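The structure appears right after this line, and notes come after that.
The values are calculated or read from the model by the stated rules, or taken from the named source; none is laboratory data. Note that this is a predicted model, so its numbers are computed, not measured. Neighbour counts are summed over all protein chains in view; Cβ atoms, including those assigned to glycine, are modelled from backbone coordinates with ideal geometry.
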Amino acid sequence: MSREAIRIPFKHTLAFIAIAAFLLSFFGSRLFATACPTCVVVGRGIHFHHFWYGIGMVALTGWLAIVGRRTERLDRAYALVYGLGLGLIGDEVGLLLTFGNYYSELTYQIFVGAIGLIILGALAVRFGERLRKDLLGMKRWEVVGLVGFFLAGFSTLFFAFDQELLGILFALSGTLAIVLSFRHRHEVMPGQAEN
């Protein structure tokens, strides 16, 4: 196999999307857990923490990125869901490392946030023009689809905290946005201008 065939280019836009989704997911889940600490899902004596949903998202997107269809649009969706899953896992790092203390000092929200913002800032400084071109160049239907993926993925947080109504609303909103974006994509004829 030639060197070019196995070389994987650095995808700065994908990294930006994944890190932004990570930060939104991390701080969103931390805020929700702090605001509603008694909202939990317990089934048969087992407490379902939201890191399980995060592990599922990371595993699924990793697998799809390896064996699934690869397009720029799908790669952006994979990056978003991957970052979302990492945020759900990252929020419970203290719990995972201490085997039970969710509010452990090991989580260090400020540290995680600062690292994420530094990475986003470094990407923006180094690849600002390309990021601007890639992100602002996305079609409206693709943005709607990515927002839909985020809402659907973020809905797992509400299910993890036994807030089914909010979870259903987020999941349905996300699913609707995804369906509308795919529907619009298929309705646009080749050579036709897209919004």
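Looking across Gly148, Gly116, one residue alone is assigned to a helix (DSSP H, G or I), within 16 Å of the chain's Cα centre (by Cα) and modelled with pLDDT of 80 or more. It is Gly148.
Just checking, does the stretch 52-68 include any residue being within 24 Å of Arg126 (Cβ to Cβ), surrounded by 13 or more Cβ atoms within 10 Å (Cβ to Cβ) and at pLDDT 80 or above? Steps first, please.
Taking the stretch 52-68 and keeping what is within 24 Å of Arg126 (Cβ to Cβ), we get 65.
Applying the additional criterion that residues be surrounded by 13 or more Cβ atoms within 10 Å (Cβ to Cβ) yields 65.
Imposing the further condition that a residue be at pLDDT 80 or above reduces the set to 65.
Looking for residues that are within 24 Å of Arg126 (Cβ to Cβ), surrounded by 13 or more Cβ atoms within 10 Å (Cβ to Cβ) and at pLDDT 80 or above, one finds at least one in the stretch 52-68, hence yes.
Across the stretch 136-144, a minimum of one residue is classified as outside any helix (DSSP H, G or I), modelled with pLDDT of 75 or more and exposed (fewer than 14 other Cβ atoms within 10 Å of the Cβ).
In this structure, is Leu97 at pLDDT below 85 and in a helix (DSSP H, G or I)?
Details: at pLDDT below 85: yes; in a helix (DSSP H, G or I): yes.
Yes; evaluated as a whole, the condition is true for this residue.
Screening Met138 against (1) under 21 Å from Leu60 (Cα atoms); (2) touching a Leu at 6+ places or on another chain (Cβ under 9 Å) leaves a single unmet condition, (1).
How many residues does the stretch 153-172 hold that are crowded, with 21+ Cβ neighbours inside 10 Å and in a helix (DSSP H, G or I)? Spell out the reasoning first.
Kept after step one, since they are crowded, with 21+ Cβ neighbours inside 10 Å, are these residues of the stretch 153-172: 153-158, 160-161, 170.
Those left that are additionally in a helix (DSSP H, G or I): 153-158, 160, 170.
Qualifying residue count, the stretch 153-172: 8.
Residues considered: Arg76, Arg44. Of these, the only one that is out of contact with any strand residue (DSSP E or B) (no Cβ under 8 Å at 6 or more places or on another chain) and modelled with pLDDT of 85 or more is Arg76.
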